[in-house]
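All remarks here apply to the structure that follows.
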Amino acid sequence: MFKKHHPLTSQLDTESILKDARRELAMPSRRLFGKRALTLGGLALLTGCNITDEPSVNRMLEKISRMNDGVQGWLFDPNRLAPTYTEAEITRPFPFNAFYGIEEVPEIDAADYQLEISGLVTDKHAWTLDELHRMPQNEQITRHICVEGWSAIGRWGGVPFAYFLKRIGADLSAKYIDFQCGDDYRTSIDMATALHPQTQLTLTYDGQILPPKYGFPMKLRMPTKLGYKNPKHIVSIEVTNKYPGGYWEDQGYNWFGGA
């Protein structure tokens, strides 16, 4: 859940509550909804919460986050493309970013790798890297936007995810796609984003096999989502109607996480 920086006292610490709320709502994934109501009265009116205790403040922020997810999902255009760039605009070197240090990047053996498939699909066979590389590929030069406030442009190559989902006979009316990763990361996305033409099972970076620091053997690239929604080192994919959550999402980040 959200980090708590203010202890409970006999008197409500309004400045601490507003500071925490502003920090949460200032995140790019949370700006769309709620920023015009960022007063104690406005937040309480929107959520119906009691703001006289810290657990209630957390519940209030959770409600705003869920409403924000709904608004973002409603506004998402599955046919609108994110901007693309030229090779001259690529950020070099492209930054490394994870919830751990670069010395902890997992080493995954390409020869033993198999992508596990489960859930609402007809073809559940595990995919080797060779099979994935033999599938139709495309490239994109798009901007990665981190929730921490920085961005970088990279060149990504791989299998259009919509093509892959159709190839495995996924139920395209299902609600969620869940990703489990070799670095113990996990996240999930909605089906509309999964079918977006720029959503890609990424196998290469800048024309070369995807380096470990960028997600070898495979990551998910979605220029319509914030960086924490782009999982690396993917080892399993599940199509499901049960809400899967995610590493950061379970700690309070918006689930939709996109524009």
> Which one of the conditions (1) out of contact with any helix residue (DSSP H, G or I) (no Cβ under 8 Å at 6 or more places or on another chain); (2) within 18 Å of Thr142 (Cα to Cα) does Phe216 fail to meet, given that it meets all the rest?
Replying inline: (2)
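Show me the strands (runs of 3 or more DSSP E) found entirely inside the stretch 118-234 where at least 2 residues are in the same structural domain as Gly101 (by TED's automatic domain parsing), in contact (Cβ under 8 Å) with a residue 60 or more places away in the chain and within 23 Å of Glu249 (Cα to Cα).
Ranges flagged: 138-145, 176-181, 186-190, 200-205.
Out of the residues in the stretch 235-259 meeting the condition of being part of a strand (DSSP E or B) and aliphatic (A, V, I, L, M), tell me which one is nearest to Ile177 (Cα to Cα).
First pass over the stretch 235-259, keeping only residues part of a strand (DSSP E or B): 235-240, 258.
Next, from what is left, pick out any that are aliphatic (A, V, I, L, M): 235, 237, 239.
Values: Val235: 13, Ile237: 7, Val239: 5 Å.
Restricting to residues being part of a strand (DSSP E or B) and aliphatic (A, V, I, L, M), the top hit is Val239.
If I filter the stretch 131-138 for residues that are closer than 19 Å to Pro217 by Cα, among the hydrophobic types (A, V, I, L, M, F, W, C) and modelled with pLDDT of 95 or more, do I get at least one hit? Break it down into steps so the answer makes sense when it comes.
Initial filter on the stretch 131-138 (closer than 19 Å to Pro217 by Cα): 131-138.
Adding the requirement that they be among the hydrophobic types (A, V, I, L, M, F, W, C) leaves 132, 135.
Subset that is modelled with pLDDT of 95 or more: 132, 135.
Yes, the conditions are met somewhere in the stretch 131-138.
The values are calculated or read from the model by the stated rules, or taken from the named source; none is laboratory data. Just so it is clear, the structure is predicted and the values come from calculations on it, not from any experiment. Heads up, the Cβs are rebuilt from the backbone with ideal geometry, glycines too, and the neighbour counts pull from every protein chain shown.
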